[in-house]
Number of protein chains: 4
Amino acid sequence: MTVNINALEKSPNGSEKYPNRGRLLVKCPDGPGIVSALSKFLFDHGANIIESSQYSSDPEGGTFFIRIEFDCASLAEKRQDMEMNFASLAKQFDMDYRFAYGSDRKKTAIFVSKEPHCLLELLWEWQSGDLQTDIAFVAGNHQDARGMVESLGIPFHYIPANKDIRKQVEEEQVRLIEEYDVDVIVLARYMQILTPEFVERYPNKIINIHHSFLPAFIGARPYERAYNRGVKLIGATSHYVTNDLDEGPIIEQDIERVDHRDHVADLKKIGRSIERRVLARAVKWHLEDRVIVHGNKTIVFQ
Amino acid sequence: MTVNINALEKSPNGSEKYPNRGRLLVKCPDGPGIVSALSKFLFDHGANIIESSQYSSDPEGGTFFIRIEFDCASLAEKRQDMEMNFASLAKQFDMDYRFAYGSDRKKTAIFVSKEPHCLLELLWEWQSGDLQTDIAFVAGNHQDARGMVESLGIPFHYIPANKDIRKQVEEEQVRLIEEYDVDVIVLARYMQILTPEFVERYPNKIINIHHSFLPAFIGARPYERAYNRGVKLIGATSHYVTNDLDEGPIIEQDIERVDHRDHVADLKKIGRSIERRVLARAVKWHLEDRVIVHGNKTIVFQ
Amino acid sequence: MTVNINALEKSPNGSEKYPNRGRLLVKCPDGPGIVSALSKFLFDHGANIIESSQYSSDPEGGTFFIRIEFDCASLAEKRQDMEMNFASLAKQFDMDYRFAYGSDRKKTAIFVSKEPHCLLELLWEWQSGDLQTDIAFVAGNHQDARGMVESLGIPFHYIPANKDIRKQVEEEQVRLIEEYDVDVIVLARYMQILTPEFVERYPNKIINIHHSFLPAFIGARPYERAYNRGVKLIGATSHYVTNDLDEGPIIEQDIERVDHRDHVADLKKIGRSIERRVLARAVKWHLEDRVIVHGNKTIVFQ
Amino acid sequence: MTVNINALEKSPNGSEKYPNRGRLLVKCPDGPGIVSALSKFLFDHGANIIESSQYSSDPEGGTFFIRIEFDCASLAEKRQDMEMNFASLAKQFDMDYRFAYGSDRKKTAIFVSKEPHCLLELLWEWQSGDLQTDIAFVAGNHQDARGMVESLGIPFHYIPANKDIRKQVEEEQVRLIEEYDVDVIVLARYMQILTPEFVERYPNKIINIHHSFLPAFIGARPYERAYNRGVKLIGATSHYVTNDLDEGPIIEQDIERVDHRDHVADLKKIGRSIERRVLARAVKWHLEDRVIVHGNKTIVFQ
């Protein structure tokens, strides 16, 4: 695939264009003065707020969440000071917080099996400049995607898998994740079960696409079960992976209408188009630090 | 409510305008010659096909379904002959079938509890000429809807209900259903459990609205459970009532998008607007004989 | 219509529940320090920010918009001081601004003609506690809606209208608007053209529903024209009325799918359900001060 | 791109699986006996009706349309006889008609410019077995798509174009269309104006994607104009090309929601995802003979 990526129009939010763009994510007990303190802090450090979204689970005694995107001249030089100075403010309000920077692109690993549609969509969004990430590598338990991946200059690692060699497979995967210093793992219809050890190693860092409108049709063969139940809509769900099967925090869901004429193969076909757009949105929001996990739910600041 | 119903534009499908309109619904083992035989039969009886929809579960050895809407001059006089003549054709192809006539409006009973939104939507659709039915009566286990219902000239029956007097309540309901010769019973957020005896008495004649996207959140308090699960879409499902709770054949479903800011009360509010349009569509399709139940699924010829 | 409104569940945002709730809307040239100054001001006056949404048309030299919803103990007593103190801050940043209070419900007048569907939807949303307003009166150039309106305890004024007596009609309307101290005028399919003088008297205070997906089918008979063009979707648009026909700032739009089987009467029927929900959303957002007009466009802080 | 196409699950409607599948499309003056005559004809020729859709513009004196999909053993041998015998039936009812066969895959040419998203979607749908066509060639006035196209084994023809050499460009295009015996020409964001002579040569055979919800924003720069108008939804429209700019019969339209934060570049990005799915659906329906043009409108038998 030799698309001239430079010919594609870049999104105005492309991180590479914004070396002075930063993001601050905060979670803390709600109370008076938080926004005032945060905005004063940023102003005092020469940062201009570009976008700000906040949410309070309950103005009386709940949890407060805020995501601030800001521009700041010479951010590369100032960020260390800024982070150091922020520590005391964070302590005062008992904040969990995180700074992220437009110049630090997250590194993504994509795991695939045979079906390429979700992978293709991610690669397409990435090529068109809409996924703010470096794709570190693609790992597949089948060879099918190799040509497409390598033609884009992305390393492809073939790791055959089955339940008897799960441990060895994951050792190899962990080795690659560490070698490439990966930040986020996307299961683009990977279809293999991960061990509890693997999942626990990467909390809120593994994004899966489940081919049903969860919590309907948890587990295997959701399209077959949707067909048998006679539903009039089918869906897909992207969520963080936890050790409760298909029970992790939901990032995004969508559906399409079906009818009695649609057999299982039709549901799968329609489902593929839902899966690819739901996963692409979830990954995009994660990469832009728009998703905050709170208990088993997500706050998504679109 | 004194809306001048004559001022409202009638749907071109209003049954009252079509005394010569008939419908023929057929279910039979698939095989060659069925459409040919049916269309020849109608042609020979002077009927002109207006709309025809068909479906085969499997062209090889499956079940064939067809719904034909036709016009036929002097249908009132001819229909008895037509039905008699049809019997031998039906026997030849082993058909389950049913004739329905535009001049025979179905009689509907609506059961409500406190929340009036689904009832209001049905009354509104009925007033605007879009539900081809006579509303025989509304029965409520609360008095709230009485004024609204009676102002439209529809009888309202107050039947207090709780689980201890379920039997008496249903005896009264059955009495009314028989007195008014009711064809279809709509549970417009009725919120009471029906006994197996009541349900079995009216197979595929009781339409319910469940306030979730089934099969997610079967049973009680679906909005609370949707909130706790952190779903990004909520839905509603209209289905025929069977004695498996919320497992009857689904007629229609729809959803709306929600987000982390929506508390349970917001989900309920958004849900009400989904519920009312999903139930109204299901009832409309049932009244127009567009729904065929097949096993635990429906064929809907929209 | 005698729905027991107390039986309906109230939205958690119902203004009557929030005597200490205020809103601050600001529009000013973008620049550093605005959010910091605003949040400090509110904090210093004992106000806790509940919800905040902002938008910058261009971080470099554009216009900045913010809507802040806050709670403040004893707001009724403090609001005069707060407003007075705000003046110097506003001057410093060259702000256009406006305070609004949960305890000051806006007063709405609704103009209707024959078709009641939009009026019904507004009344229904209002009854269920979702429109934060007092409906001052309904004025109609037909009598059809009188019964329904008066049964809810709302005054109905019959003002026959035609183009020859436009001036007298509007004099009567203006008299009522002033008598009732009306804040917003909703044209719920009113179907009469307003004079330039009337429109200019109420800038960004008259909300119309146009029965097409503007800018397609500006002007008369949009459903007929949509039918003739063979579109596959029809829509509705709610906008503020200006003296350029159907060219005012758009608040909300929505669409539904149609197909070749839908004749003009079907498009009108489908259209009614789009119109009522689009108008209801636009009015709701206006009443909650979520809409800021900027040139010929709107910023809607949902 | 080395996707193992055999690994992809085929749609059950894939033409290659149905050598005995035929389609009959008929348009004629409405009247009694048409369906009966058609279904008898097919039955007498050993054809079994699989799917049948019909539409009458007006049961009294309108035009009748029907699309029948049928299976018939040894269709390849029988089709000539069948067509010959049909002529007299067609004459009797004054029918315009057309037979199409699953074994005769249509040949498609795709014209592109720089933006590859619509081309990519078509190639993806084609690879996954969902477009029943042979892609004869892709022609581009830029080289960008060459690699991707050729990696799939499809010829790519580079034909530089500008308005001064329009005649020579079209001569070359016509030459290729004739050489490859092309049935349908898809303008996948081709961005060049075609001459009236070219358009007239291929009536109802050129499918375009326009990047607006027609008839809004006919002509150039629709996203810029949508941005300036402040619409809340943007759309795309696929239509047959006629010599009235953007006025040809509409096959499919769809929309997505946007808001005040979306600048022109965002509208273009969102628009791309609408364009690609709308064009893919329109092409799919055309290839399956589901679209009948009637005046300036289409009947689409989905």
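Distance between the pseudo-spin-label points of B:Q92 and B:D181 (7 Å out from Cα toward the beta carbon): 3.4 nm.
Dipole size of chain B about its Cα centre, with +1 on Lys/Arg Cβ and -1 on Asp/Glu Cβ: approximately 660 debye, rounded to the nearest 20. Amide H contacts under 5 Å for C:H294: C:I299, restricted to partners 5 or more places along the chain or on a different chain, H placed in the peptide plane at 1.01 Å from N.
Antiparallel beta bridges, as assigned by DSSP with both residues in chain D, represent about 70 percent of the total such bridges.
Cross-link pairs exceeding 27 Å in C-alpha to C-alpha distance, out of D:K167/D:K268; B:K269/D:K269; C:K27/C:K78; C:K27/C:K205; A:K269/D:K27; A:K268/D:K78, comprise D:K167/D:K268; B:K269/D:K269; A:K269/D:K27; A:K268/D:K78. Per-residue Cβ neighbour counts within 10 Å put B:K114, D:K284 in the sequence B:K114, D:K284, beginning with the fewest. Taking a ≥ b ≥ c as the square roots of the eigenvalues of the Cα gyration tensor, segment D:218-302 is classed as prolate, since a/c reaches at least 1.5 and a/b is larger than b/c. Database remark: amide H of B:H45 closer than 5 angstrom to no amide H (H placed geometrically; neighbours at sequence offset of 5 or more, or on other chains; Pro and chain starts carry no H). How high is the relative contact order of segment D:148-302, in percent, counting Cα pairs under 8 Å that sit 6 or more residues apart? The normalised contact order for segment D:148-302 reaches 18 percent. With contacts taken as Cα pairs under 8 Å at a separation of at least 6 residues, chain C carries a relative contact order of 16 percent.
Which of the three applies to segment A:106-300, rounded, prolate or oblate, going by the alpha-carbon gyration tensor with a ≥ b ≥ c and a/c under 1.5 meaning rounded? In terms of gyration-tensor shape, rounded.
Relative to one another, the C-alpha centroids of segment B:18-55 and segment C:99-173 are positioned 50 Å apart.
With each pseudo-label sitting 7 Å past Cα toward Cβ, what's the B:S103-B:E247 distance in nm, one decimal? In this crude spin-label approximation the distance works out to 4.4 nm.
By the gyration tensor of its Cα atoms, with a ≥ b ≥ c the square roots of the eigenvalues, what is the shape of segment C:19-101: rounded for a/c under 1.5, prolate for a/b over b/c, or oblate? Because a/c hits 1.5 or more and a/b exceeds b/c, segment C:19-101 counts as prolate. Each Cα pair under 8 Å and six or more residues apart adds its sequence gap; the mean of these over the residue count of segment D:48-183 is a relative contact order of 18 percent. Modelled spin-label separation between D:H294 and A:E200, with each label point placed 7 Å from Cα along the Cα-to-Cβ direction: 6.6 nm. Helix content alone sets the calculated 222 nm mean residue ellipticity of chain A: runs of n ≥ 4 DSSP H residues at -39500 (n - 2.57) each, divided across all residues, give -10000 deg cm²/dmol. Compute the acute angle (0 to 90°) between the alpha-carbon long axis of helix C:166-179 and the principal axis of greatest extent of the alpha-carbon atoms of chain C; round to the nearest 10°. Taking the Cα atoms of chain C, the angle to C:166-179 is about 40 degrees. Summarising the amide proton neighbourhood of D:T242: residues at separation of 5 or more, or on other chains, whose placed amide H is nearer than 5 Å comprise D:E247, D:G248.
Once the Kirkwood radius over Cα pairs is known for the protein assembly as shown, the Stokes-Einstein relation at 37 °C and 0.692 mPa s delivers a diffusion coefficient of 100 µm²/s. Computing FRET efficiency as 1/(1 + (r/R0)^6) for D:R166 and B:E171, where r is the C-beta to C-beta distance and R0 is 56 Å, gives about 0.10. Inter-chain Cβ neighbour count for B:48-54, averaged per residue, equals 6 (cutoff 10 Å, partner chain atoms only). With respect to chain A, whose longest principal axis is taken over its alpha-carbon atoms, helix A:75-93 is tilted by about 80°. The mean number of Cβ atoms from other chains found within 10 Å of a Cβ in peptide D:31-38 is 6, as a whole number.
Considering only DSSP beta bridges where both residues belong to the protein assembly as shown, give the percentage that are antiparallel (nearest 5). Antiparallel bridges make up about 70 percent of those DSSP assigns within the protein assembly as shown.
In chain D, the longest principal axis of the Cα atoms and the axis of helix D:34-44 are about 70 degrees apart. For the residue pairs A:K106/A:K284; B:K114/C:K106; C:K284/D:K232, the C-alpha atoms sit more than 21 angstrom apart in B:K114/C:K106. Within segment A:118-260, DSSP assigns beta bridges of which about 65% are antiparallel (rounded to the nearest 5).
FYI, it's all coordinate maths here, none of it is from the lab. Only a predicted model underlies this, so the values are computations on that prediction, with no experimental measurement involved. Glycine also receives a Cβ, built like all others from the backbone with ideal geometry; neighbour counts cover every protein chain displayed.
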